[in-house]
Amino acid sequence: MKQIKRFFHNKPFVIAGPCSAESESQLIDIAKNISSDTDVFRAGIWKPRTNADTFSGVGEIGLSWLNSVKKETGLRTMTEVATTTHVEKCLKNEVDMLWIGARTTVNPFYIQEISEALKGVNIPVFIKNPIHPELDLWVGAFERLYKNGILQLAAIHRGFFTYNHSIFRNDPKWEIPIKLKEIFPNLPIVCDPSHISGKESIIQDVSQIAMDLSMDGLMIEVHNNPKIALTDANQQINPKKFHQILKSLILRKKAITNQHVYNRLTLIRREIDAIDSQIVQQLCNRKNIVKKIADFKSKHKLTIFQIERWYEILKNRKKDSVELEMNEKMLTEIYEVIHKYSVLFQTELISKN
Ligand code: PEP
Ligand code: MN
């Protein structure tokens with residue numbers, strides 16, 4: 001993909017707007033409030049929803065609303081396309097840029113059809129990563145569009161579905177967009193912290209990580225009243241928060257240190273962060289089991305502290321430490337603390353019963 005045409009140069013390139021277009025006045029209101037920090041205004045008008053009975057977008061009428069946004073604010077506009085009919089309607093209504101959603105990238109038939117419908121058209125197209133972490137599908141989608149002459153391409157990293165409990169709605173798996181960059185060094189990558197986070201509170205941190213990893217832009221969902229949003233209410237932020245996040249981003253200079261080395265280090269640190277967050281989650285799961293044990297002991301009038309059980313825990317951890325070549329003293333100390341708080345917690349629970 002040597003001839004990819006770069007269609008933006010500023011960094012971060014900011015795409016913002018609501019998850020879904022809900023009314024014309026809503027779009028204009030949001031657009032006016034975010035335009036000073038926004039390069040392209042986004043709004044989904046055909047929404048790929050998991051459940052059949054939920055709001056699935058306003059449809060074609062939303063295209064004229066996007067045009068009103070353009071007239072009122074001068075912002076360029078962007079929406080999601082999943083079928084050739086969507087593409088045709090967007091082109092007819094002069095939408096400036098398109099994105100292909102995560103649920104579409106998984107299907108090479110759709111991607112092929114969309115790229116044929118876009119043949120000969122000079123429009124930037126962003127491709128979101130597929131729902132599951134299969135890099136080749138993402139790569140293949142770019143290749144299909146490129147082969148049909150679509151040269152203004154960019155990626156959107158929106159995280160990956162996982163059944164594991166995580167603080168993220170979609171696991172970022174930062175190593176995947178980094179591998180994509182290695183395959184296509186000139187392909188811009190925009191991070192979508194909204195769909196990765198799934199909640200307002202971590203959007204800032206995810207955006208900062210994306211900048212630290214040298215990503216080119218951000219796609220952020222902004223709603224004038226997130227609480228009553230018809231889709232993705234938990235993760236949409238209001239314009240005030242949006243400006244705050246952008247203002248507080250730290251943009252590091254590339255030249256001083258070796259950016260590649262820095263990216264690798266940051267990536268390894270994110271792996272540590274992910275594991276730490278799993279450790280805390282498991283401690284929380286453990287605490288819930290401790291509560292079960294406390295109820296059981298209380299019901300059967302058993303003592304809380306049972307020395308044999310403590311010896312058994314120590315013996316098992318010692319066995320683990322040998323098998324996993326871990327420092328035995330370290331594991332013993334960690335378990336002394338865990339066990340101490342487990343006993344305290346049970347004492348509290350039983351005294352309340
Ligand atoms: C969206 O951007 O609103 C959307 C539906 O995204 P994704 O395809 O990442 O789920
Ligand atoms: Mn959304």
Is one or more of the residues making up region 131-144 among the hydrophobic types (A, V, I, L, M, F, W, C), out of contact with any helix residue (DSSP H, G or I) (no Cβ under 8 Å at 6 or more places or on another chain), buried (at least 19 other Cβ atoms within 10 Å of the Cβ) and closer than 22 Å to Ile45 by Cα? no
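Evaluate the following for Met78: is it touching a Lys or Arg at 6+ places or on another chain (Cβ under 8 Å), away from ligand 2 (no atom under 16 Å from the Cβ) and of a type outside the set (Ser, Thr, Tyr)?
Values: touching a Lys or Arg at 6+ places or on another chain (Cβ under 8 Å): yes; away from ligand 2 (no atom under 16 Å from the Cβ): no; of a type outside the set (Ser, Thr, Tyr): yes.
Criteria not met by Met78.
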Over region 182-200, the set of residues out of contact with any helix residue (DSSP H, G or I) (no Cβ under 9 Å at 6 or more places or on another chain) and either of a type in the set (Lys, Arg) or assigned to a helix (DSSP H, G or I) (or both) is Glu182, Lys199
Evaluate the following for Leu246: is it touching a residue at least 40 places away in the same chain (Cβ under 8 Å), open to solvent by less than 90 Å² (accessible area, probe 1.4 Å) and within 21 Å of Val14 (Cα to Cα)? yes
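Every residue, every condition in (1) open to solvent by less than 40 Å² (accessible area, probe 1.4 Å); (2) at pLDDT 95 or above, yes or no:
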position	(1), (2)
Thr38	yes, yes
Arg42	yes, yes
Ile45	yes, yes
Arg49	no, no
Glu60	no, yes
Leu66	yes, yes
Lys70	no, yes
Being away from ligand 2 (no atom under 16 Å from the Cβ), without any contact (Cβ under 8 Å) to a residue 60 or more places away in the chain and under 21 Å from Met219 (Cα atoms), is that true of even one residue in region 282-296? no
Which one of Phe184, Phe160 is away from ligand 1 (no atom under 16 Å from the Cβ), at negative phi and open to solvent by less than 70 Å² (accessible area, probe 1.4 Å)? Phe184
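The values are calculated or read from the model by the stated rules, or taken from the named source; none is laboratory data. Please read all numbers here as calculations on a predicted model, not as lab measurements. Please note: Cβ atoms are built from the backbone with ideal geometry, for glycine as well, and neighbour counts cover all protein chains shown. SASA here: full protein model, heavy atoms, side chains in, ligands and nucleic acids out. Shrake-Rupley method; radii C 1.70, N 1.55, O 1.52, S 1.80 Å.
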